[in-house]
């Protein structure tokens, strides 16, 4: 089975829950529910490995929570260090606090241990409105690091294109979807 077919199948079987007026698909890659099988994870991992110019990556930045499974595997497989945008502060010197704004919640993320000039690959599970990623991009730039690429598994709606226009960053996704009520639509 190829990647697009596997992702479609996983989404077709995903329950839809409502967070206020926001339709949210519950998927193994974006939520860890239902359980994530290794075959799907392997397809995602191998696809991302082929998409990225690894000579331009010094460190991988995974976003808590569901950006971590794939970023961890990428870091291990590609022998790159990894840092995590966390949901809690450690209060360390140089810690960067960014707003996390999704279609259904708000909070803060904290980024530590980014060095000026480092080339960063950012990995996350879903990009919908682009609010969280916009803040992460600004946080990385504040640290004087360089964003080499941004990889998203699920691009939901048109937030990715808007974010590319706003930031001029290289952002790619594995599959583009949208919601039509309680149905996932493949774009």
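The values are calculated or read from the model by the stated rules, or taken from the named source; none is laboratory data. Treat the numbers as computed from the prediction; the structure is a model and nothing was measured. Counting neighbours? That spans all protein chains shown, and the Cβs are built from the backbone with ideal geometry, glycine included.
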Answer from 110, 90, 76 - the residue that is out of contact with any helix residue (DSSP H, G or I) (no Cβ under 6 Å at 6 or more places or on another chain), free of Cβ contacts under 8 Å to residues at least 40 places away in the same chain and surrounded by 19 or more Cβ atoms within 10 Å (Cβ to Cβ):
110
What number of residues in the stretch 134-181 are under 30 Å from residue 94 (Cα atoms), free of Cβ contacts under 8 Å to residues at least 40 places away in the same chain and assigned to a strand (DSSP E or B)?
4
Which of the numbered conditions does residue 99 fail, given that it passes all the others? Conditions: (1) exposed (fewer than 13 other Cβ atoms within 10 Å of the Cβ); (2) in contact with a strand residue (DSSP E or B) (Cβ under 7 Å, 6 or more places away or on another chain); (3) within 19 Å of residue 141 (Cβ to Cβ).
(1)
For residue 184, which of the numbered conditions (1) in contact with a helix residue (DSSP H, G or I) (Cβ under 9 Å, 6 or more places away or on another chain); (2) outside any loop (DSSP other than H, G, I, E, B); (3) farther than 28 Å from residue 55 by Cα; (4) free of Cβ contacts under 8 Å to residues at least 40 places away in the same chain fails to hold?
(4)
Taking the stretch 15-34 only, how many residues are surrounded by 19 or more Cβ atoms within 10 Å (Cβ to Cβ) and assigned to a loop (DSSP other than H, G, I, E, B)?
1
Residue 32 passes all but one of the listed conditions (1) at pLDDT 95 or above; (2) within 17 Å of the chain's Cα centre (by Cα); (3) under 29 Å from residue 89 (Cβ atoms); the exception is number (1)
